[in-house]
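A short worksheet on the structure shown next.
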Amino acid sequence: MNRPFITLFALLVALSAQAVEPWSVERCMEYAAEHSHTVRLQQYDLDASRTERTRAIGAFLPEVYGSVGAQMNFGRAIDPETNTYTDVNTFYNGYGLQASLVVFDGLQRYNELRMARANVAMGRSALQAEKDAVRLRVYKACMDLLYCEGAVEHTQRKRDESRALLHQTEVMAEVGQKSEADVAQMRAT
């Protein structure tokens, strides 16, 4: 079996178990487009492209760094005036704040932003294309199913016609209008 037929079959089984009213082909197509694994993966790629675009916009902002440091020393030291030992405790602390802004980087940030915007646009297009492809696969599977049902119906009608023709040939053979060879030929047909 091919994959769209299996997907359609599983969808129809799930729908028949849950739904009171039958779904239209359009409803099946929309359901498949919204719940498809490949569409979700494409949505995740689009989200990643949007995140990259936000990062590229943030690259134009200044970078700010802050730091806090502390150090404590303790121990003995010699007092130079009295030449005796004293206990010394020392506490040092420092604070820092630094900001930087890139003035010119050869338009690298600008080009990264342009690329990120293009990736978002391509991601939107790819998402829509994947949704359309899923809809098309579901539509094709529905049409294949309808075609197969029609082919089975047509074959059953042809079988019934052949049986009726065989019966007619057998009756004609009984009355002498057809030979047994004609009946055998009709049975083979």
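What follows is calculated from the coordinates using simple rules that are stated; it is not laboratory data. Note that this is a predicted model, so its numbers are computed, not measured. Cβ: placed from backbone, ideal geometry, glycine included. Neighbour counts: every protein chain shown.
Quick notes
- Taking the criterion of being of a type in the set (Asp, Glu) and part of a strand (DSSP E or B), the residues of region 73-116 that qualify are 79, 87.
- Residues of region 38-48 that are within 8 Å of the chain's Cα centre (by Cα) and farther than 14 Å from residue 137 by Cα: 40, 41, 42, 43, 44.
- In region 96-117, residue farthest from residue 54 (Cα to Cα) [restricted to those that are among the hydrophobic types (A, V, I, L, M, F, W, C) and in contact with a Ser or Thr (Cβ under 9 Å, 6 or more places away or on another chain)]: 97
- Flag for residue 161 being within 26 Å of residue 25 (Cα to Cα) and not in a loop (DSSP other than H, G, I, E, B): no
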